[in-house]
Each structure stands twice: as C-alpha cells, then as structure tokens.
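Take a look at the structure set out below.
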Amino acid sequence: MIPALLYGLTLNAHEHPELEWCLDDHPYWHFYPEDSEPYGPTVDLMRIIAERAGIKLRFSPNTPFSRCLRQMEQGQTDLMSSLNHSEERARYMHFIPYDEAKPEVVYLLQESTDIASWNALSEHRIAVVKDYVYSQELNQKLAENQLNLVEAERLDDAFALLLLGEVDAVIGPAQSSINVIQHNPRFHQRFKKASYEFNFQQGRTVNLTLSRYSPHQELLPKLQQVVQQMVESGEVKQFRADLNVLE
C-alpha cells in the first residue's frame, strides 16, 4: 500500500511533468545573461504556455541554436520556440504555429548602392545564416541562380561580415534582423534595407516545437490547445514585437 504522502508526491509529479526548453541568447526575443535566468517576451510567453498546459518549464543552459536542433533530433531536450517549418525538421519535431512568419529582408551598408532587383542582388556576395530556414521559394531561387553565398553561423556574424566588407549584403529574417541591429551598438546606423523586397506567395508560420523523441508525447494535444486558444484570443500578439516600433 502506497502511503498517502508518497501517493500525493507521485501524483503531483505526474500532474506537472518537467520539460526542458532549449534556447540561446537571441536579442529581444529572449536574453540569456551569464549569471541569471533568461528573460524577454518569448520567455514570458513560454511561462504562460507552460502554466496553462500544467507543465514545469526548465531552461536549458545557454545553448547554440544548431546544438539545440541536434538535441531535439536526439531526444535530449523537449522544446524549442520561434522556429520556421521545414520538412527536415518535421522529421523529428511536432510544430505548433503561433504567428505568421514575415518575408526575409535584404540589408546593405548605409553607404552602399541600393539593390532594387533580383538581378542586381545576384551580382553581389551575400551572407545567409546557417540552420535558419528560409522560405522554400527563396531557397529555390538561391539554388537555381547559384549565387555567391557566404554562410554565417549566426545572424550577428552575418551582419559582422557585412560591416567588415567581407560580403555586400545580408539576407536575414525581418524581425530578428531588426532585433540584432538594435541590440548591438556597433550596428547602430550602419545598415539599411534594400528597396528590393521578396514577394513570395506561400505563407509561413512561426512555431513552438516539441521533439518527437521527447518522453512527453502525451502533452502535444494540450500544448496545441493552449497555444491555439492564446492565438485566437489575441494574447500571443502581446509577446510578438512590432516591426514599426523597433525600426
């Protein structure tokens, strides 16, 4: 016979399973100081989702994005946030959409000549970000035209390459590019958007993801329900930055 106290502890542990959220320092969305817990809009959003889903949220150590992906694939962590969908990632993650992904943006140095067309863009050295999932239409155009691409580990590194003149342009995610520029004093007033804009037809979403190899697969329907309710109520919008405010 299980003592009442032990039974209660077992029940509570079962009712509030602990899931790890793998994250790094990602300017504006979530900051990860060396000596304290992460904070920022995405952290606030994830705390609410966890509370309403009845789970305990554990932060990973400050972990590079590419390593988080590997850990998700190997079942060594449970959750990631702010991810674009790809068929490769869907092989080892469940996707829970909570926002629309905005088209990528071309950035140049302030003093550079504007790029107003795809043909003009194709004549330059272009930094792209490793492991970032660009839109399928953009990936297809990049592959078909065999452009002179330079792969950077992180978005910060891509802008550093542009600042140093090692590339002529950066193709980066719209909101995160603004966040990185705002967060790094070296980047202030140094870059501008090209007038050329991508005009793709396929819509994309930003997603919370659960590893398919997490031991907590039973929580997927609850997470989906909580996120969907927050999207429909408009609550998620509170935690997603306004591009016009940050520019």
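With a 10 Å cut-off between alpha carbons and a GNM built on the chain, which of Q224, Q146, Q175 moves the most?
Highest fluctuation among the options: Q146.
For the chain, what is the accessible area per residue in Å² when the probe is 1.4 Å?
53
Just to confirm the filter: which trypsin sites (Lys or Arg not before Pro) across region 49-102 are DSSP coil and have at most 12 other Cβ within 10 angstrom of their Cβ?
Hits after loop and neighbour filter: R91.
When Rg and Dmax of the Cα atoms in Å is calculated directly from the model, which label among (1) 20.1, 78; (2) 20.2, 73; (3) 17.0, 52 fits?
Recomputing Rg and Dmax of the Cα atoms in Å here gives the entry labelled (1).
What is the Cα centroid distance between region 158-207 and region 56-111, reported in whole angstrom?
What the calculation gives is 18 Å, centre to centre.
Using θ = phi - 60° and the Karplus curve 6.51 cos²θ - 1.76 cosθ + 1.60, what whole-Hz ³J(HN,Hα) does each residue of region 106-119 get, with Gly and Pro shown as x?
Karplus-based 3J(HN,Hα) across region 106-119 equals 9, 10, 10, 5, 4, 7, 7, 5, 4, 10, 10, 8, 5, 4 Hz.
In the structure shown, do any of K192/K237; K141/K193; K102/K141; K56/K102; K102/K237; K102/K192 have a Cα-Cα gap over 24 Å, and if so which?
With Cα atoms farther than 24 Å apart: K192/K237; K56/K102.
What spacing in nm lies between the two simple spin-label points modelled at Q136 and R58, each 7 Å away from Cα in the Cβ direction?
Each label point is offset 7 Å from its Cα along the Cβ direction, giving 3.6 nm.
Select from region 135-212 those GluC sites (Glu not before Pro) which occupy a DSSP coil region and have at most 16 other Cβ atoms within 10 Å, ordered by residue number.
Working: sites: E137, E144, E151, E153, E166, E197; in loops: E153, E166, E197.
Sites meeting the loop and neighbour criteria: E153, E166, E197.
Take the solvent-accessible surface of the protein heavy atoms, probe 1.4 Å, and return the percent of it on region 17-96 that carbon and sulfur atoms account for.
Roughly 45 percent, rounded to a whole number.
Using θ = phi - 60° and the Karplus curve 6.51 cos²θ - 1.76 cosθ + 1.60, what whole-Hz ³J(HN,Hα) does each residue of region 57-64 get, with Gly and Pro shown as x?
9, 10, 7, 5, x, 4, 10, x
Report, to the nearest whole %, how much of the accessible area of region 100-204 belongs to carbon and sulfur atoms, 1.4 Å probe, protein only.
43
Below 8 Å between Cα atoms, with a sequence gap of 6+, how large is the relative contact order for region 17-132 in percent?
26
The values are calculated or read from the model by the stated rules, or taken from the named source; none is laboratory data. Bear in mind that the values here come from a model prediction, so they are computed numbers and not experimental data. Note that each Cβ is placed from the backbone with ideal geometry, even for glycine, and that neighbours are counted across all protein chains shown. Accessible surface areas use protein heavy atoms only, side chains included; no ligands, DNA or RNA. Shrake-Rupley method; radii C 1.70, N 1.55, O 1.52, S 1.80 Å.
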